[in-house]
Amino acid sequence: MRLLRSGAISHGFLVSRSPLAPHAFIVAPLWGRTMSLEPIGRGRTVSRTPAQSNHPPKKIAPVLITHSKTDIVTFMNSQSVKYLILGGGPSGLSLAAALLRAGIEDFLVLEKESSAGGLCKSEEVDGSPFDTGGGHFLDVRNPKVTDFLFSYMPRSEWDEYHRDSRIDVKGTIINSPIEANIWQFDIDTQIEYLKSITKAGCNMGDPMPERFTDWIYWKLGKRIADDYMIPYNKKMFAEDLDSLGTYWLNKLPDVSFEETLRSCLERRAYGKQPGHAVFLYPKKYGIGELWRRVADSLGDRLLLNTGVEKLDFKTRTVNDTFSGEILINTAPWTDFQSISGLDEAEMDAIHSLRHSSIVTEYHPEMLDTKSHWVYYPDPVLSYHRILVRHNFCPGSRGYWTETNLTRYEKNPDAPAFLNEYAYPMNTIGKQEKMAFLLSSLEKYGVYGLGRWGEWQHFNSDVVVERAMALAEKLASS
Ligand SMILES: Cc1cc2nc3c(=O)[nH]c(=O)nc-3n(C[C@H](O)[C@H](O)[C@H](O)COP(=O)(O)OP(=O)(O)OC[C@H]3O[C@@H](n4cnc5c(N)ncnc54)[C@H](O)[C@@H]3O)c2cc1C
C-alpha cells in the first residue's frame with residue numbers, strides 16, 4: 001500500500017488527494033505494472049518505405065525518370081494513386097472506407113503511428129480497455145453516420161448511457177452544466193450565483209464580446225467565471241485564454257437566466273443540455289475497437305508507420321515517394337517538417353495554427369460515484385477531468401485523468417499516454433486563416449478534412465459525416 005500521487009502542478013508541488021473528496025488523502029493499492037509514458041503522435045516518427053511497411057505497395061508508378069542510384073531507389077519505391085490520404089484517424093479512415101464503398105480502390109492512407117485510430121484508440125490497461133486519447137463517447141445525430149458506424153460495430157455491441165457528468169466547485173460536487181444545476185448548492189451560494197448572473201453582460205443588454213474570457217463573464221457572470229469557467233479552461237488549454245475567440249462556443253450548453261432561475265425554484269435542471277446527453281459505449285471493448293475494424297477493412301491500402309515528413313503541395317508528393325492526383329490531409333498541418341510549393345500567405349496561415357496536448361493517466365481505485373466523468377477547476381490539481389471507467393466500461397475498475405501536458409508531472413507508477421495533438425486552439429482570426437488556406441489549397445487538388453485538416457473541435461461523428469460528404473463529392477467529380 002502506498003499513498004497515491006493524485007495530482008501535480010507544473011512547478012513540482014505534488015498533491016495527494018482523492019478526486020471525489022479532494023480534501024481527503026487516498027491510499028491506493030500499489031500499481032504493479034509500470035508503463036512508460038508512451039508518446040502518441042510524437043517521437044515515434046518512423047518513415048518507412050513501402051517495402052518496409054506492414055503492407056506491400058499497392059501500385060508502382062514511374063514518377064521519376066533519372067539515372068542516379070538514389071533516384072532509382074526512389075523510383076522503385078514510389079507509389080502514385082488517385083487519392084492520397086494523410087492520417088489514419090477517424091477522418092482518414094472514414095474517407096477511405098467511404099471511397100471503398102463507392103467502388104473507388106485507387107487510394108492510399110499514410111499513417112504515422114504503428115496503429116490507426118488517432119485520438120480514438122484504446123489499449124488494454126489493468127485488464128480492461130483504456131481510451132488513450134481521453135474520454136470518448138458516441139453520440140451521433142446523423143442516421144447515415146449511425147448506419148455507417150454500425151456496419152462495422154453493430155448496435156448490439158454498444159451500451160446506452162444517460163450522461164452523468166459533474167463539477168467539483170470548491171469541494172461541492174454538482175451536476176454539469178453549472179448554470180442549470182446551481183440549485184444543488186446551499187441556499188446562500190445559490191443567491192450569490194444568481195445575483196452575479198443578473199449582472200452578466202448578456203442580461204444587461206451588452207453586445208457579445210469577441211474574446212473567450214470576456215464572453216465567459218458576459219454570458220455567465222463573475223461567480224461562475226471565477227469559480228469554474230476561467231480556471232477550468234486555463235487548465236484544459238493551458239493557454240492565454242485571451243487569445244481565444246468566441247466563434248466555436250456553440251459547443252457549450254446554452255442555458256438562459258430564466259432557465260437558471262426556474263431550475264433553482266423547481267430544483268431540477270432546465271435549458272439546452274450539453275452534448276452526449278445520451279451516449280453509446282462499447283459493451284466489451286474500448287472506443288478504439290470501432291476504428292480498429294474500420295482500419296482492418298482497408299487492408300493494404302493503409303500504410304502504418306508512414307509519417308508524412310516532406311510534402312510538396314504543387315506536385316502532391318509525400319516523402320519523395322508517394323503522390324496523389326488528389327491529396328486529402330487529415331493530419332496536423334504543423335506536423336510536417338518540410339513543406340514546399342506554398343506561397344508566403346499560405347505558409348503564414350499554417351504557422352499561425354496552435355494546438356494543445358494532453359496526457360491521460362490511469363489509476364486503479366474504485367471511486368464512490370455514479371458519474372461518468374467529473375470536471376476539476378481547482379488549479380491546485382494538475383488534471384482537469386477524470387473519467388470513471390468502472391461506470392461505463394462493464395467489468396472494469398479504476399479511472400483515468402486528463403491533464404494538459406504543460407501541467408503534467410510523470411508518475412512512475414501510473415500508465416500514461418501522451419496525445420501531442422489533442423485540441424486545435426480556437427484563436428482569434430483562425431477561422432479566416434483556415435478558410436483562406438483551404439480554399440487556396442483546393443486549387444492544387446489538396447483538401448483538408450477533420451479535426452486537424454480543418455483545425456476545428458470536431459467530434460468523431462462530425463468527422464465521419466464530413467468524410468462521407470467529401471467521398472461523395474470526389475466520387476461524383
Ligand atoms: C480529450 C478528448 C475527448 C474527446 N471526446 C470525444 C467524445 O466523447 N466523442 C467524440 O465523438 N469525439 C471526441 N473527441 C474528438 C475526437 O477525438 C475527434 O473527433 C477525432 O479523433 C477526429 O479524428 P481525426 O482523424 O480528424 O483526428 P485524429 O484522431 O487526431 O487523427 C489524426 C491522425 O493523423 C495521424 N498523423 C499525425 N501526424 C501525421 C503525419 N505527419 N503523417 C501521417 N499521419 C499523421 C495521427 O497519428 C492520427 O492517426 C475528443 C477529443 C479529445 C482530445
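Does region 304-319 contain at least one residue that is more than 25 Å from Lys473 (Cβ to Cβ) and either away from the ligand (no atom under 14 Å from the Cβ) or among the small types (Gly, Ala, Ser) (or both)? Even if it seems obvious, please write down each step before you answer.
As a first pass, look at region 304-319 and keep what is more than 25 Å from Lys473 (Cβ to Cβ): 304-307, 309-310, 319.
Retained after the next criterion (residues that are either away from the ligand (no atom under 14 Å from the Cβ) or among the small types (Gly, Ala, Ser) (or both)): 307.
The answer is yes; a qualifying residue exists.
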Q.
Any residue in region 358-384 that is without any contact (Cβ under 8 Å) to a residue 40 or more places away in the chain sitting within a Cβ distance under 8 Å of a residue that is aromatic (Phe, Trp, Tyr) and surrounded by fewer than 23 Cβ atoms within 10 Å (Cβ to Cβ)? List the pairs, counting only those 6 or more apart or interchain.
A. none
Q | Which numbered condition Ala345 misses (of (1) away from the ligand (no atom under 11 Å from the Cβ); (2) over 30 Å from Asp139 (Cα atoms); (3) free of Cβ contacts under 8 Å to residues at least 40 places away in the same chain; (4) not basic (Lys, Arg)) | A | (3)
(Q) I'd like to verify a number: residues in region 74-108 that are modelled with pLDDT of 95 or more, away from the ligand (no atom under 16 Å from the Cβ) and not β-branched (Val, Ile, Thr), how many? (A) 8
Q: Might you let me know whether region 150-159 holds any residue that is among the aromatic types (Phe, Trp, Tyr) and without any contact (Cβ under 8 Å) to a residue 12 or more places away in the chain?
A: yes
Q) When both residues are 6+ apart or on different chains and their Cβ atoms are under 6 Å apart, which pairs have a first residue that lies in region 439-464 and is on the phi > 0 side of the Ramachandran plot, and a second that is in a strand (DSSP E or B) and more than 8 Å from the ligand (Cβ to nearest atom)? A) Gly445/Ile326; Trp455/Pro424
Q) If we scan region 274-284, do we find a residue that is closer than 30 Å to Glu111 by Cβ and more than 16 Å from the ligand (Cβ to nearest atom)? A) yes
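Among the residues that make up region 310-328, is at least one of them within 21 Å of the chain's Cα centre (by Cα) and surrounded by 23 or more Cβ atoms within 10 Å (Cβ to Cβ)? Before the answer, list the steps.
Of all residues in region 310-328, those within 21 Å of the chain's Cα centre (by Cα) come to 328.
Remaining after also requiring surrounded by 23 or more Cβ atoms within 10 Å (Cβ to Cβ): 328.
So far as region 310-328 goes, yes, one or more of its residues are within 21 Å of the chain's Cα centre (by Cα) and surrounded by 23 or more Cβ atoms within 10 Å (Cβ to Cβ).
Let's see how each residue does on (1) in a loop (DSSP other than H, G, I, E, B); (2) within 15 Å of the ligand (Cβ to nearest atom); (3) in the same structural domain as Asp461 (by TED's automatic domain parsing):
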| position | (1), (2), (3) |
| --- | --- |
| Lys112 | yes, yes, yes |
| Phe130 | no, yes, no |
| His136 | yes, yes, no |
| Arg141 | yes, yes, no |
| Val145 | no, yes, no |
| Met153 | yes, yes, no |
| Tyr161 | no, yes, no |
| Arg166 | no, no, no |
Q: Inspect all residues belonging to region 353-360 and state whether any of them is modelled with pLDDT of 95 or more, surrounded by fewer than 20 Cβ atoms within 10 Å (Cβ to Cβ), more than 14 Å from the ligand (Cβ to nearest atom) and under 19 Å from Lys430 (Cβ atoms).
A: yes
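Looking only at residues in region 285-297 that are of a type outside the set (Ser, Thr, Tyr) and more than 13 Å from the ligand (Cβ to nearest atom), which one is surrounded by the most Cβ atoms within 10 Å (Cβ to Cβ)?
We begin by selecting, within region 285-297, every residue of a type outside the set (Ser, Thr, Tyr); these are 286-296.
Remaining after also requiring more than 13 Å from the ligand (Cβ to nearest atom): 289, 293, 296.
Numbers: Glu289: 19, Arg293: 16, Asp296: 12.
Filtering first and then ranking leaves Glu289.
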Q: Could you look through region 231-264, keep only residues that are without any contact (Cβ under 8 Å) to a residue 60 or more places away in the chain, part of a helix (DSSP H, G or I) and in contact with a helix residue (DSSP H, G or I) (Cβ under 9 Å, 6 or more places away or on another chain), and pick out the one that is farthest from Ala180 (Cα to Cα)?
A: Asp242
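Return the residue satisfying two criteria in turn: it lies in region 455-477 and is more than 8 Å from the ligand (Cβ to nearest atom) and part of a loop (DSSP other than H, G, I, E, B), and of such residues it is farthest from the chain's Cα centre (by Cα). I'd like the intermediate steps shown before the answer.
Just the residues of region 455-477 that are more than 8 Å from the ligand (Cβ to nearest atom), to begin with: 455-456, 464-477.
Then drop every residue that is not part of a loop (DSSP other than H, G, I, E, B), which leaves 455-456, 477.
Values: Trp455: 11, Gln456: 10, Ser477: 31 Å.
The selected residue is Ser477.
The values are calculated or read from the model by the stated rules, or taken from the named source; none is laboratory data. Owing to the predicted nature of the structure, the values given are computational and were not obtained by experimental measurement. Positions of Cβ are backbone-derived with ideal geometry, glycine not excepted, and every protein chain shown enters the neighbour counts.
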